[in-house]
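Asker: Mind having a look at this structure? Questions to follow.
No lab work stands behind these numbers, since they all come straight from the coordinates. Everything numeric in this text was worked out from a predicted model, so none of it was measured. Cβ atoms come from the backbone with ideal geometry, glycine included; neighbour counts cover every protein chain shown.
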Amino acid sequence: MYDSSDIRKNLKVLMDGQPYTVVDFQFIKPGKGAAFTRTKLKNLLTGGIVEKNIRSGEKLEPANVEERDMQYLYSDGDDHVFMDATTYDQVSISNDILGGGAGYLKDSLTCTVLFFNDRAVGVTLPNFVEVEVAETEPGARGDTTAGNVTKPAKIESGAEVQVPLFVNQGERIKVDTRTGHYVERVKS
Amino acid sequence: MASEDPPLRGRVLWRAEDRIGVRTQAADVEVGRPGDARPGDLVRVPPAREAQVVHRYPDDEFPGRRSEVARLSRERLSMLWARSRAARAVREAFEEWGFVEIDAPRLVTTPGLEVHIDAITAGEGYLATSPEPQMKRLLAAGLERVYALGPCFRGGESGDFHNPEFSMLEWYRGWSDLEAIIADTEALVSRVAVAVTGTTRVPGRRKQGEIDVAPPWERIPVLEAMTAYAGVALRGGESAEELARALDAAGIDPRGATAWDDLFYTAFVDRVEPALARKPHPVLLIDWPAELAALARKKPGAPHLVERAEVYAGGLELANGFGELTDAAEQRARFEADQRSRAARGLPVYPIDERLLAALEEGIPPAGGMALGFDRLVMLVTGAERLRDVAAFVWDEL
């Protein structure tokens, strides 16, 4: 069990059967009362943020969570297979857990897989990935007059990204996986 | 034709809103319309007393940035000037009001006995958690208006609003009462705000709007605040079991609390404090339940309430004042109860301050007293988010 004095950023605790990570905390102490730690926690399954005031001496249950770096191997329909490069353990993760992240998966991309009670419950992609543009219309110079400065492009891993008009099919671009936004063109 | 005064050149020492302090060869001057001048910049001050930036150091060339031991941000250097002005404003106010400043002892044989305040041991004694016992002895000795601004120490308190060593401003009026002390507090905070920022409207913290500290401040009886903001309806005189049921009815999980004060503060911290933090002005929480009396006297005609006022402003618990308990027998009984309470919680039990009790027995005049966190006062008037932003050094930097 953790004590209120163990609270620090990234501490993983179990509340109401759900795993949480501490994202922020603040020591507060009413004039004549016991100390509290005003704690902001993120639900590792839903991403929801809750605030809890934990009184000095209150106990917190540790959550059995583990983060492992794993390489993306291949997809089989809606399931995506990742491998731990040191143990060669493989795990299959469905689209439900990956969410929109599936569109950025390309061979041997290293992601952080979150396990809760030894079950994979989340995948964090690298913030940026470099991918090839698989399909996009050639950009016509005149289009900008109508205020269109971007066009849709399909990247090799499947996601659709808005790119500037000068980006051509076959070029490599850098994409922010958190927002799905184009960042820059990458010279090959 | 008389030539105009030549412009003065100097370095910006501090910045507060739209004024800056500039150290020139001749003198330190305060000027307006500083543009974007920041502490450390070289500026020209023409006779019109409006600054013009003449040189700006890039951050990595800023004097002091390269020093390993004295590396402080420009903002923090500016805050230290604000802090110094605040301390001067405090001393000017108390001198005007006929108070005497004392240096309270920092090393004491017994610290206060409050259940939730842990002292730091020092040699054979303790570092003072509050100057209260010695200041009350001075009241008994005949000093009727007395104040102290200096360090106090509390173990285990570290965070955005806490440091184990902090500056306490504490003052007492003999032959007086809590009302006079509240009026002092309102006047003092306004004076300090004006001295530091030029106005009583101080910048709010954590994306709040500004806070106007001009008196009079809103007063809310604590039990009303609990009813209004926490949904915990209290009339006063409730037992711990009744309080636990009231929390339950309000949908507040007591999280294992059983003691009266733990139950109370669970609801207070969850619901009342956040509500007070949103107010655009300071609030005086008054008429505290007798269970949280500390060193306050009972309110005449309302035996379940005590004469205690706590100041909340901009999300900061700023000050706590009492109509002082002067009854030696009752004070002894409360000290003994605090000792039992500490023992029951497995905390160190400090000896009773017999010299304070002896002074109370000989008699001290009816009095009011206030303890105000000076670091937090500087935070309030500057809008600083963290205590470390307004202190030269905090514990983890030593």
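Asker: Could you give the size of the charge dipole of segment A:2-62 about its Cα centre, using +1 on the Cβ of each K and R and -1 on the Cβ of each D and E, expressed in debye and rounded to the nearest 20? Intermediate results must be reported in sequence, preceding the final value.
Answerer: Values: 11 positive and 7 negative charges, 48 e Å.
The dipole of segment A:2-62 has a size of about 240 debye.
Asker: List the chymotrypsin sites (Phe, Trp or Tyr not before Pro) within segment B:126-225 that fall in a DSSP loop (any state other than H, G, I, E or B) and whose Cβ has at most 16 other Cβ atoms within 10 Å.
Answerer: Working: sites: B:Tyr126, B:Tyr147, B:Phe153, B:Phe161, B:Phe166, B:Trp171, B:Tyr172, B:Trp175, B:Trp217; in loops: B:Phe161, B:Trp175, B:Trp217.
Those satisfying the criteria are B:Trp175.
Asker: What lysines does A:Lys187 reach when the alpha-carbon gap must be under 22 Å and sequence neighbours fewer than 8 apart in one chain are set aside?
Answerer: A:Lys106, A:Lys151, A:Lys154, A:Lys174
Asker: If we count every other residue with Cβ under 14 angstrom of A:Thr46's Cβ, Lys/Arg +1 and Asp/Glu -1, where does the sum land?
Answerer: -1
Asker: Name the residue farthest towards the positive end of the dipole of the protein assembly as shown from the options B:Leu13, B:Ala128, A:Leu105, assuming +1 on Cβ of Lys and Arg, -1 on Cβ of Asp and Glu, about the Cα centre.
Answerer: B:Leu13
Asker: For segment B:91-106, what does the Karplus curve 6.51 cos²θ - 1.76 cosθ + 1.60, with θ = phi - 60°, yield as ³J(HN,Hα) per residue in whole Hz, taken in order and with x for Gly and Pro?
Answerer: Ordered by residue, 3J(HN,Hα) equals 5, 4, 4, 5, 5, 4, 8, x, 8, 10, 8, 10, 8, 6, x, 8 Hz.
Asker: Okay, moving on. Choose one answer from A:Gly101, A:Gly158, A:Gly31: the residue with the largest mean-square fluctuation in a GNM of chain A with alpha-carbon springs under 10 Å.
Answerer: Of the options given, A:Gly31 has the highest mean-square fluctuation.
Asker: Quick check: net charge around B:Arg355, other residues with Cβ under 12 Å of its Cβ, Lys/Arg +1 and Asp/Glu -1? Show your work: numbers first, answer last.
Answerer: On the way: positive: B:Lys136, B:Arg137; negative: B:Asp353, B:Glu354, B:Glu361, B:Glu362.
Here the count lands on -2.
Asker: Sticking with this one: Sort B:Ser341, A:Ser92, B:Ser130, A:Ser108 so the one with the fewest other Cβ atoms within 10 Å of its own Cβ comes first. Intermediate values should be presented prior to the final figure.
Answerer: Numbers: B:Ser341 17, A:Ser92 13, B:Ser130 22, A:Ser108 9.
Listing B:Ser341, A:Ser92, B:Ser130, A:Ser108 from fewest to most nearby Cβ atoms yields A:Ser108, A:Ser92, B:Ser341, B:Ser130.
Asker: Quick one: what are the phi-derived ³J(HN,Hα) couplings along segment B:215-224, Karplus 6.51/-1.76/1.60 with θ = phi - 60°, whole Hz, x for glycine and proline?
Answerer: x, x, 8, 4, 10, 10, x, 4, 5, 5
Asker: Which Cα, out of B:Val54, A:Gly122, B:Pro280, lies furthest along the positive dipole direction of the protein assembly as shown (beta carbon charges, K/R +1, D/E -1)?
Answerer: The Cα lying farthest towards the positive end belongs to B:Val54.
Asker: Still on this model: Find which of A:Pro62, B:Ala195, B:Gly321 sits farthest along the positive direction of the dipole of the protein assembly as shown, computed with +1 on the beta-carbon of Lys and Arg, -1 on that of Asp and Glu, about the Cα centre.
Answerer: Value computed over the given set: B:Ala195.
Asker: Amide H of B:Gly112: which non-local residues (sequence gap of 5 or more, or other chain) have their own amide H closer than 5 Å, using H built in the peptide plane?
Answerer: B:Thr129, B:Ser130
Asker: If you place +1 on the Cβ of every Lys and Arg, -1 on the Cβ of every Asp and Glu, and leave all else neutral, what size is the dipole of chain A about its Cα centre, to the nearest 20 Debye? Each step should come with its number before you reach the end.
Answerer: Details: 22 positive and 28 negative charges, 240 e Å.
With only Lys, Arg, Asp and Glu charged at Cβ, the dipole is about 1160 debye.
Asker: Can you sort A:Thr136, B:Thr185 by how many other beta carbons sit within 10 Å, fewest first? Walk me through the numbers before you get to the answer.
Answerer: Working: A:Thr136 20, B:Thr185 23.
In order of increasing Cβ crowding within 10 Å: A:Thr136, B:Thr185.
Asker: Let a ≥ b ≥ c be the square roots of the eigenvalues of the Cα gyration tensor of the protein assembly as shown; is it rounded (a/c under 1.5), or, if not, prolate (a/b larger than b/c) or oblate? Walk me through the numbers on the way to the answer.
Answerer: Values: a/c = 2.54, a/b = 1.42, b/c = 1.78.
Cα axes put the protein assembly as shown in the oblate bin.
Asker: Check cross-link reach from B:Lys136 to the aspartates and glutamates: straight Cα distance under 13 Å, and skip same-chain residues fewer than eight apart.
Answerer: Once the sequence-local aspartates and glutamates are set aside, what remains near B:Lys136 is B:Glu144, B:Glu170, B:Glu324, B:Asp327, B:Asp353, B:Glu354, B:Glu361, B:Glu362.
Asker: For A:Gly57, list long-range residues whose amide hydrogen, built 1.01 Å from N in the peptide plane, is under 5 Å from its own amide hydrogen.
Answerer: A:Ser4, A:Ser5
Asker: If each DSSP helix of 4+ residues adds -39,500 (n - 2.57) and the sum is divided by the residues in chain B, what number results at 222 nm, nearest 500 deg cm²/dmol?
Answerer: On the way: 10 runs with 120 residues, N = 398.
Helix contribution divided over all residues of chain B: -9500 deg cm²/dmol.
Asker: While we're here: Leaving out same-chain residues fewer than 8 places away, which lysines sit with a Cα under 17 Å from that of A:Lys52?
Answerer: A:Lys9, A:Lys12, A:Lys29, A:Lys40, A:Lys42
Asker: For chain B, modelled as a Gaussian network with Cα springs under 10 Å, which listed residue fluctuates most, B:Ser158, B:Ser176, B:Ser239?
Answerer: B:Ser239
Asker: Along segment B:348-355, what does the Karplus equation 6.51 cos²θ - 1.76 cosθ + 1.60 (θ = phi - 60°) give for ³J(HN,Hα), rounded to whole Hz, x for Gly and Pro?
Answerer: Once rounded to whole Hz, the list reads x, 9, 8, x, 6, 7, 5, 5.
Asker: Run the dipole for the protein assembly as shown about the Cα centre, Lys and Arg Cβ at +1, Asp and Glu Cβ at -1, nothing else charged, and hand back the magnitude in debye, nearest 20. Numbers along the way, then the final one.
Answerer: Working: 72 positive and 92 negative charges, 293 e Å.
So the dipole magnitude of the protein assembly as shown works out to roughly 1400 debye.
Asker: What residues qualify as long-range amide H neighbours of A:Gln169, i.e. H under 5 Å apart, gap of 5 or more or another chain, H built at 1.01 Å from N?
Answerer: Residues meeting the amide H criterion: A:Thr136.
Asker: Please rank B:Arg154, B:Arg15, fewest neighbouring Cβ atoms within 10 Å first, as an exposure proxy.
Answerer: Numbers: B:Arg154 25, B:Arg15 22.
Ascending number of Cβ neighbours within 10 Å: B:Arg15, B:Arg154.
Asker: Would you compute, from DSSP H runs of 4+ residues alone, the mean residue ellipticity of chain A at 222 nm, taking -39500 (n - 2.57) per run and dividing by the full residue count, rounded to the nearest 500? Walk me through the numbers before you get to the answer.
Answerer: Values: 1 runs with 4 residues, N = 188.
When only DSSP H runs of four or more count, the value is -500 deg cm²/dmol.
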